[in-house]
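Have a look at the structure below before the remarks.
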Amino acid sequence: MRTFLAALALAVALVVGVLGFRGDLKRQPPLEIFPDMKRQMKLRPQATAAFFGDGRSSREFVPGTVARSTPLKVGDQLVYPFEDAPVNTGRLPGTTTNFIDAIPLPVTEEFMARGQQRFEINCLPCHGPLADGKGVTSKFGLAIVGNLHDKRIVTMPDGEIFNTITHGKNLMQGYGANVAVPDRWAVVAYLRALQRSRLGTLDEVPAEKRAGLK
């Protein structure tokens, strides 16, 4: 045992004597056990490279390469997911609380159908099919669920609802990782349709369809 402790003490003294303590300053350059981890044989972007026939270090994409992100077409512009754009954040660029009033994507019949589908998958269990907060979770003791027909939410900008879907609020988790950006806006559009169906008046219903109302 004494021999082991002596050998251990000698090894510790040797390591400290050669490498020193963490944070020590020395005039000599540090020891590099694996120098290739710091100085690698690599090519810098946009630099010349004699290895390739065209002399360029930056190469074209390999055929069949799949892009890591796909831009979203908003009007005549292409917006990538990493951009600080209203379609991605629901807010005006460079702000944290200035939400946009309207959905920045065209609202079509297909868009609404997609919003209904995404709503029924992600929102219906808690908020209910009518968005009144009476989903299936209310039967299992989760009583604090927002009624999306409250005046506060009805008058809320579309961008703020999109932001809540993305990041969550209070007990609600964020769905930014589960629901794509266009689908979140589609859910907002479908929610507005649910709100309109409850708050609308008979005069807003086309005359040929009034007879079918109960």
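Inside the range 107-130, residues that are within 12 Å of A186 (Cα to Cα) and part of a loop (DSSP other than H, G, I, E, B) make up a count of 2.
Scanning the range 157-169 for residues that are out of contact with any helix residue (DSSP H, G or I) (no Cβ under 8 Å at 6 or more places or on another chain) and either aromatic (F, W, Y) or in contact (Cβ under 8 Å) with a residue 12 or more places away in the chain (or both) gives P157, E160. Considering the range 78-106 alone, what residues qualify as being at positive phi and crowded, with 19+ Cβ neighbours inside 10 Å? Matches in the range 78-106: G90 only. May I ask you to list the residues in the range 158-188 that are closer than 20 Å to G133 by Cβ and among the aliphatic types (A, V, I, L, M)? Selection gives I161, I165, L171, M172, V179, V187, V188. Annotation note: Cβ proximity below 8 Å between a residue of the range 195-211 that is closer than 20 Å to H149 by Cα and a residue that is outside any helix (DSSP H, G or I) (sequence gap 6+ or interchain) occurs for Q195/A131; Q195/L148; Q195/H149; R198/L130; R198/H149; L199/H149; L202/L213; V205/L213. There is at least one residue in the range 52-71 that is over 14 Å from the mean Cα position of the chain (by Cα), assigned to a loop (DSSP other than H, G, I, E, B) and aromatic (F, W, Y).
Given the residues E120, E109, which is the only one that is modelled with pLDDT of 90 or more, within 25 Å of P86 (Cβ to Cβ), among the charged types (D, E, K, R) and surrounded by fewer than 19 Cβ atoms within 10 Å (Cβ to Cβ)?
Numbers: E120 fails: within 25 Å of P86 (Cβ to Cβ).
The unique qualifying residue is E109.
In this structure, G133 does satisfy being outside any helix (DSSP H, G or I), in contact with a helix residue (DSSP H, G or I) (Cβ under 8 Å, 6 or more places away or on another chain) and either at pLDDT 95 or above or over 30 Å from F82 (Cβ atoms) (or both).
Within the range 95-106, not a single residue is over 21 Å from H167 (Cβ atoms) and not in a loop (DSSP other than H, G, I, E, B).
The values are calculated or read from the model by the stated rules, or taken from the named source; none is laboratory data. Remember, predicted model here, so these are calculated numbers, not experimental data. Note: ideal-geometry Cβ built from the backbone for every residue, glycine included; neighbour counts use all protein chains shown.
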